[in-house]
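Participant: Quick one: this structure, given as C-alpha cells, is what I'll be asking you about.
Computed from the coordinates by the stated procedures, all read-outs in this text should not be read as laboratory data. All values derive from a computational prediction rather than experimental measurement. All Cβ positions, even for glycine, are placed from backbone atoms using ideal geometry, and neighbour counts span all protein chains on display.
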Amino acid sequence: MKVFLKKLFSYAIIILFYACSFVMYLIKKFKKTTITHTRNRSPSNFTHFAIFAVYCNTLTNNHKTILRKLSENGYFIILANNGKTELSEIRKTPVDLYIEHPNTGSDFGLYQYASQWLYENANVPDNGQVLYMNDSIFYLEKRSPHLFETIAKLKKDCIGMTEATLIQYHMTAWLFALAGKVFKNKEIKKFWDRYLPLKFRQHCIRKGEVKLTSTILKAGYTPYIFYPASYFIKKIHCQKEKELTLFPQNDFYRKLFNSFIEKQIPLKEISLKDNDEIILNSLRDLSAGTNQMHFFNLNGVRFCSFPFLKKDLFWRDIYSLAQIRSICDYLKSAGEDESDEILHYYMKRGNAHQTLPFLKLALFKRGLI
C-alpha cells in the first residue's frame, strides 16, 4: 500500500508540474520576443549558421570565447537568450542576430525559435551547415583549439559531440550540427514546427534531443559522433601507469561500479595497470548504461583532450567539489585561461541537494528541474 501511495504521489507531482509548465508557456507566449540585427551582414551571404542558446544577464568570458571561435570559422551567429542582456554588450561581440525570448522552453525552445527564423529568412544551401549549441557546458579552448574549424569543414549529414543510450539512443544536444540538406528535410522542419517548448527537463530530453535524434534517423541520416564511448575507453586505457580517480563518486555510480568491479578494489585505488581486463570490461558496460557525458567527463578532460566540462557536474552531485577543484587545478597548470572562473562558477552555484528547498528538491529528484 505504501509503495502504491508513493507512486501515486509521484505521478501527481509530475502531472501537476506538467500542467503548471503548460500554463506558464501559454502566459509567456504572449510576452514580446525581441529580434535585433546587431551587425550589418545578410544571412544570404553565408552558408554556415550557428544558433547559440544561452540563459544569462551578462556574457561570461566563456560565452565570448565560443562566439569568437564561431566567428573565426565563418558562421552567421544567432545568439538566443532566455535572459536579458544589454544590447550594448551584445554589440561588442561578433553576434549577427540577437533574440531575447521569454523563458518558456529552455535551450530547445530557443533552438526552435531560431530554427524557424532561419527557415523564413535564410536559404541554407545543401552543403551548408546549421550548428546548435547551448551554454550548459564550458568550452576549454586549449584542449582542442581547432574543434570548430573541424566541425565547419566536416562533410557529414549530422554531427554530434557525444551520445547516450539512456531512455533510448540519442546524440546529446548541447552541441550538434546539421548539414543544410538535413536542416531543410521536411521531417526535420516538421519536428521544429511541432515541438512544444515547455520548461521541463524531462520534456526537453524526451521530446527534444531524443525525439530529434529519432527523427533524424527515420529521415535516413546517421549522426557522426565526434567523441563516442570508444574514444574515451581507448584513451583512458592508454593511461596504464596512472590511477583514475576522476570517475563519478555519487551513490548511483558507486552502485554501478560495485556491480561490475570486485568489491575489494576501492574505487580510489583503481589502476588500469593492475586490473586491466576488469577495468576495460567495466568501462564498456558502464558507458552503455549511463550518461556518457557525466561518466567520462573529468577523465576525458584530464586524459583525452576532451574540450568540454558540463556545468551541472557538482549541481547534480555527479562529482564532488574536491574532484571539480582537482580538474580546475589541472587546467590551470595546463594554461587554461578561464580555470579560476570555471571553479568560481561551480562553487557559487553549489549542490542542489544542499541548497534547494524541500519542494524544489522533490521536483529536482524526479528530473523535472
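Participant: In nm, to one decimal, how far is the modelled label at LEU196 from the one at LYS153, with both set 7 Å along Cα→Cβ?
Facilitator: About 4.5 nm separates the two model spin labels.
Participant: Next question, about the same structure. Please tell me which of these pairs span more than 31 angstrom C-alpha to C-alpha: LYS69/LYS156; LYS32/LYS156; LYS32/LYS189?
Facilitator: Flagged as over cut-off: LYS32/LYS156.
Participant: Between SER230 and THR355, take the C-beta separation as r, use R0 = 45 Å, and let me know the FRET efficiency to the nearest 0.05. Working shown, then result.
Facilitator: On the way: r = 37 Å, r/R0 = 0.82.
The value I calculate is 0.75.
Participant: Here is a further query. If the viscosity is 1.567 mPa s and the temperature 4 °C, what translational diffusion coefficient in µm²/s does Stokes-Einstein give for segment 153-225 when Rh comes from Kirkwood over Cα pairs?
Facilitator: Calculated translational D: 104 µm²/s.
Participant: Would you mind calculating the relative contact order of segment 108-183 from Cα pairs under 8 angstrom and at least 6 residues apart, reporting the percent as a whole number?
Facilitator: Contact order relative to length: 42 percent.
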